[in-house]
Every structure is written in structure tokens, then in C-alpha cells.
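No lab work stands behind these numbers, since they all come straight from the coordinates. Since we're looking at a predicted model, the values are computed, not measured. Because the Cβ atoms are built from the backbone with ideal geometry, glycine has one as well, and the counts that use them run over all protein chains shown.
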Amino acid sequence: MAIFSDAELQEISELQKRYPSPAAYLLPVLWRLQDKRGWLDDEAMEEAAAVCQVPKSHVRGVVSFYTMFFEKPMGKFHVQVCTNVSCMLCGGEELLADMKQRLGVQNMERTPDGMFSIEEVECMGACGGAPMMAINETFFEKISTQEANEVIDQVVANGNIPTPKFVQQMPELSEAANK
Amino acid sequence: MADTPKLVLPDIPGLRNIDTYIANGGYKDAIGKAFSMAPAAVIDEVKKSGLRGRGGAAFPTGLKWSFMPKGKEKKKYLLINGDESEPGSFKDRQIFEFNPHQMIEGILIASYAMQIDHAYIYIRGEYAHWVKMVEKAVAEAYSRGFIGSRMKEMFKPSGEGVEFSVEITVHKGAGAYIVGEETSMMNSLEGQRGYPRFKPPFPANSGLWGCPTTINNIETMTSVPPILKMGGEAYSKIGDPKHPGTLLFGVSGHVNKPGVYELPTGTPLLDIINIHAGGVPNGKKIKLVIPGGSSMPPLRGDQLEGVKMDAENLKAAGSAIGTGGIMVMDEDTDIIHVLTRIAKFYWHESCGQCTPCREGTGWLLKLLKRFDAGEAMESDIDLLHDVAFNIEGRTICALGEAAAWPVRFTVERFREEFQKRVKPGLILESPNRVHSLRKGGLEPVQVHVPVVERV
């Protein structure tokens, strides 16, 4: 127990007041725990149950329902490749196959050094920038296999996620208006 | 098309910045007008505008708001749906990124009209980056006194302060397509598994924590301030009269310029694809278009002429507007492979509550994998259609339809594609009544001998 510090517990209980029941703050609490530990182990779920005043079985039920909560350790850099329709049409499957080969792991596995894990994800809402890959929370859109490999190279060399090259801009909208 | 109004995503640089937004009349013109009217009059104005929900079902927004009880016995909640998980739609993300304050202003107006106590903005977990953007925008609006208890002194349209205040909280999801369904979203916000609820009771009577609740889409909220500014009647004259206003069309797939385009409803589909999105690469022909996100019935390339993009016209054309996510596939696309992927998505996302959907989506996927691998037989085409047909309308929520429609309509509209994939079987010399299935029994029928082990 006691994953959260007293200050954090204080902050959580303040934010919890924005909901009529403490249980409603379960998802945000689980996010905090996952951000701290990388995944949700037994201890983390117990803490969440205590903070949100729900049974631990309820917490486990919730954790297993949502795909973004991990029930096993994942890599420090979680690589997500979308293969849903729009990305598939633009080469998402090839990108996934290449990334799997590059990192030497299968879906939802992590590398032995714990650095990378890979996940074939469903649509992440980047269809206009297909194919896409995300590392943790950073989206890389309109990315070729070669560029994706370069991104991985940079992560390996620098230990952090580089800034994406492609950024969706407003002028794309203006262009349509001027037509 | 000469003059296309841009109401949801105007071309103003830096509009996401609260000062730029205020300099352009934000938190003043629209909301000031709303506060100078009675709450019921605001609802009437939105009814007059003809605004329909942008989340997929295109339900009239003003009517939805009028379902909320008037009394004050229970707290009232507004839930803003920013789950946007339909494959092919990526429009709300643009609002979070480029115009979050107009969305917040819309929420404030809607809250005033329905006398809401607390509004929750639910945003999908995958949009972590955009959740932070919206959280920042909400915090800014709070610090300026536009949200919360200081609203009373901030907004003084007629000299006196308004007797109204509302709280707004941003809530981050954790990855579940089904949570985009309104009742499922309520369960998720309450900290439960995202299972859809039975209706009735409808959310307006018993929603979040048993209290009256209205659920609206992000784009719907962002469309509200322009309605107040220009007046409901003027808004109702934009685009198609039965589904007025502008829509954010997200075009993806085989087009030269994929992206989000704000256009009036009723814009021809082919204009959006060929003019705005720059046409199909290498001048290829269009084989298939899904006009409203992956759960909507697909249209054949030769069905597109004259199709207009609004709820009524698309319904007449044999599809539905959905979220306006247009996915274009050229003549070289392997439709069976694409459909298998769509089926896999719905199988993965089915919450498992209702048997027809839980089992049916698995069946659809298995059957389609057979076609994809060239292992299917002739009768599998009808079986596929039959399974899809038997999911529809037999589930608590619309995920049943979402899974069934693409399969059923692809079988109906592209039957020849399936026939090409059927493994040639043995032709029996004499009619075989046992194996004749629904062929009538007198014609020689194709059967596989022996039956192969399938994936």
C-alpha cells in the first residue's frame, strides 16, 4: 500500500469532489497509478480500490475492460501501430510488420531490456494522417516505414521521443475554402 | 460553393488562444445573447435552427434539450461526448486543437438552456495530448471567470448579473470504442465497465447517478455559439433544409489530400472527394466509399453520382451520415480484406453483454477470414448475410447494427467479389437434397469434399 504520497491523496480527494460519488474517480486514479508504475499490478489495484471506496474485484473488472490499462509490464516506449481501415489502405499493416521485425517482438510483448513494446491498435483518430504510429502519447502521422525506423533510432540514441515531423495545420482547411 | 461559411473551425490564426478567441467576440456575443434570453427561449432558438446531433444519429438537438425536466429536485448533468472512436472520423480532434473555447462557450450556452449543474467532457484516452489541450483551455476559462461561481458577475447582458453558474470537468477515457455510446459513456464516467444501459429509462429522466442527463457531441456543442450569434433562422438556411448547418467531413483513404473539411450539409459527395480532397491518386476509379465512419453501409463507386452529404439524402441513397468520416477506396482495393478488418474491429470492441452481438461478431469474423484466405464456399455468402441480418435490432445498443451493416451491405452490393473468392468445389452429379441447403435441391450443387480445418 501507500503508492500515493499524502500530498497526492489530498489532491485526489479534492478532485474527487467534482463527482457526486468517489467511485467515479476510478479511471483518473488508475491513470495516475499506471503513469507511476507503467502497469497495474495487484498493489496498484488495491490502492485504487481504497481511494475510490469500491471492492477490488470491481477495480479488476474495470481494468480488464479498457484496452489502455495494462495488466502486465509494458515497454518504457510503447509503440502503437494502427491497422484499421484508413491506415490499412495507406500501408498500416506493412508498417506494423516492419516494426515487429525491427523490435523483434510480437503484439503486446516487450523487448528483453524493457525499452520497447508493440501493440496493434484500433483507430486512434488520425485517419487523415494515415498511416500512423504512436509512441506513448505522441502521434507520428503520415509516416513511412523508413521514417518510423528513424524515429526508433532516435529513441534508442537519445532515450526520449522526438518531435513529430508532420503536424496537422489549419491552412489545410483554408485551402479548401479558397478552392 | 463560392461562399462556404466556416462556423465550427473558422480560418483565424491562433484561435485556440483565449485572448484571440475573446478578441473575435468569444465569451461575449453568443453567450451574452443567450443570457439575455430566458432558458426556454434559447432552446427554441436552437430548435428553430434545425441543428441535428453530429455524433452519428443526427437527432434534433433542440428537441433533445427540451426533454430535460424543468424542476430543480435533482441535479442535472450535461455529458459531452468526445470519445470519437469510429474508424474514419477524426473531426473532434480538430476542435480540441484549434477551437476549444468555442466548444466551451457552446457548453455554457447549452448548460444555461437546460439549467445544468455540472458538465463533463469525456475524451478518449488515446487523445492524451488533446485532453491536456482541453484541460488547459478549461483552466484558462475558469481563471477568467467564464466558468464556475464567478459567472454571475462576469456576464451582465442587461446590467444585472445572471443567476446561473455551471462547473465543467474534463474526464479522460481509457480505450473502449463502446464508450462512445451514450449510456455506456455514463457507466464509464461513473467508474464502471462501459456497458450500455437499457432504454428506457432515457438519460433525460435517469442518466448519470440517476439524475437527468443530456449527452451531446463535441461538434454539436461547437455549432451552438454561431446559432446564437446569427439567429436560428439564418442558421437553418445554410446547407440542406432538413439537416442545416455545416459539417466537418473527415476524408481519408485513397485521396490526394486527406483531412478535415468544413462544408455545408448537402455538399455532393463527389465534390468533397474530387475537389476538396484532391481526387483519387493516379486518377484511379473509386471502387467503394464509406460515407460516415466504418459502421455505415458502404456505397459502390457507381452509386456516388448525385449523392449529397446530409442525413436525409444519404438515407435515400442507401447509407447514413454517421460522423461524416468519408473513407475512399480505389479500384485496386481488396474489399474482402478491408471488410475482414472492419469485422475484426467490431468483434474486438463488442462489450459482450448481448449474445447476438458477442457471438455474431465472432461468426462474422470467422466467416470473413475464410473468404480472405480463399477457403469459403458458395453457401458461406448467404450465411454471412444471415448472421449479420440476425444481429441487427437484437441488441441493447447500436453496436449490433454497426457490426452488421458494413457486412450485410457489402454482401448485397459487392456479391461478385465474394463469389470470386469461393473455393471451387466438387460438382455432384446427382441432386443431393442433404447438401442442397437453400438452393432448391434440383440443380447440381457445389460442396466441399472433404471439409477442411478452418481458422
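General remarks:
- Segment B:152-266 shape via C-alpha gyration tensor axes, a/c threshold 1.5: oblate
- Largest mean-square fluctuation among A:Asp98, A:Asp42, A:Asp113, in a Gaussian network model of chain A whose springs join Cα atoms under 10 Å apart, belongs to A:Asp113.
- Dipole magnitude of chain B about its Cα centre (Cβ charges: Lys, Arg +1; Asp, Glu -1), debye to nearest 20: 640 debye
- Between segment B:150-203 and segment A:34-54, the Cα center-to-center distance that results, in Å: 25 Å
- Cut-off of 10 Å, at most 13 other beta carbons, DSSP loop: longest stretch of chain B lacking such GluC sites (Glu not before Pro): B:164-304
- Residue among A:Lys100, A:Lys36, A:Lys17 with the largest mean-square fluctuation in a Gaussian network model of chain A, springs linking Cα atoms under 10 Å: A:Lys17
- Peptide B:86-94 - average C-beta neighbours from other chains (10 Å radius): 6
- Total charge dipole magnitude, segment A:77-158, about the Cα centre, Cβ charges on Lys, Arg, Asp, Glu only, Debye to nearest 20: 20 debye
- Inter-chain shielding of B:330-343 (mean C-beta neighbours from other protein chains, 10 Å cut-off): 2
- Inter-centroid distance (Cα atoms) of segment B:250-272 relative to segment B:345-400, Å: 30 Å
- Applied to segment B:385-390, the Karplus parametrisation 6.51 cos²θ - 1.76 cosθ + 1.60 on θ = phi - 60° returns per-residue 3J(HN,Hα) values of 4, 5, 4, 4, 4, 8 Hz, with x for Gly and Pro.
- Scanning residues 5 or more positions from B:Arg52 or on other chains, those with amide H under 5 Å from its amide H are B:Thr61, with H placed 1.01 Å from N in the peptide plane.
- Remark: segment B:335-421 carries a charge dipole of roughly 220 debye about the Cα centre, counting +1 on each Lys and Arg Cβ and -1 on each Asp and Glu Cβ.
- Against the main long axis of the alpha-carbon atoms of chain B, helix B:355-372 sits at an angle near 50°.
- Sequentially through segment B:227-241, phi angles give Karplus couplings (6.51, -1.76, 1.60; θ = phi - 60°) of 5, 5, 5, 8, x, x, 5, 5, 5, 5, 8, 7, x, 6, x Hz, Gly and Pro residues having no value and appearing as x.
- HN-Hα J in Hz across segment B:272-286 - Karplus 6.51, -1.76, 1.60, θ = phi - 60°, x for Gly and Pro: 4, 5, 7, 8, 6, 8, x, x, 7, x, 6, x, 6, 7, 8
- Degrees, to the nearest 10: B:128-143 long Cα axis against longest axis of chain B: 20 degrees
- Of the residues B:Val166, B:Ala110, B:Gln353, the one whose Cα sits farthest toward the positive end of the charge dipole of chain B, with +1 on the Cβ of Lys and Arg and -1 on the Cβ of Asp and Glu, is B:Val166.
- Under-5 Å amide H pairs with B:Phe249, H placed in peptide plane, nonlocal only: B:Tyr261, B:Glu262, B:Leu263
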